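Below you'll find the structure, written out as structure tokens, and then a few comments.
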């Protein structure tokens, strides 16, 4: 945390050196914020319970496969080749089915990720909206998150020089894409980056 705070100070200094000492900046600790939101704790508990239920289901399936495999090994010498092959194929099919279910539950973009997004995104959106509202009301130009790795949560759109870079490279900025990157590009517009570095904003402990 000490190193992260040093990095926060350095990042703030770089921002101030770039845009001038007249700009206002602030920082937040999303880990602390989330720990004080009862809905977040409830969502964590619900997500943990669902994960445990799925894990238990998978463990039971793999234990059943292991039991069937041991039974097959004990009986294999008594079986004719055609029945051996049939039992082997049945075991392979059951194992494949269990692995596919494991991927569906816990794989990238699987049911757990979808459930996490369903439970956490509304809370995250509330936090981001509150940060943006404070930034607008207090006229902050930058707001950084100091929990975990330091992340820029909010920046006034007038400091976004993406279109200028494109023009310097000889490309004409796309109006729709410019709108999507946050704000309308005019002074006083705003842009914020979604938090992705801090695990607390992505998934429960």
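The values are calculated or read from the model by the stated rules, or taken from the named source; none is laboratory data. All values reported here derive from a predicted model rather than from experimental measurement. As a convention, Cβ positions derive from the backbone with ideal geometry for all residues, glycine included, and neighbour counts pool all protein chains shown.
Key figures for this structure:
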| read-out | value |
| --- | --- |
| Selection count, the range 126-153, where residues are at pLDDT below 75 and over 17 Å from residue 34 (Cβ atoms) | 1 |
| Any chance residue 165 is at pLDDT below 70 and closer than 30 Å to residue 35 by Cβ | no |
| Condition broken by residue 26, with the remaining ones in (1) surrounded by 12 or more Cβ atoms within 10 Å (Cβ to Cβ); (2) in a helix (DSSP H, G or I); (3) touching a residue at least 12 places away in the same chain (Cβ under 8 Å) satisfied | (2) |
| Test: residue in the range 111-128 that is closer than 23 Å to residue 23 by Cα and assigned to a loop (DSSP other than H, G, I, E, B) | no |
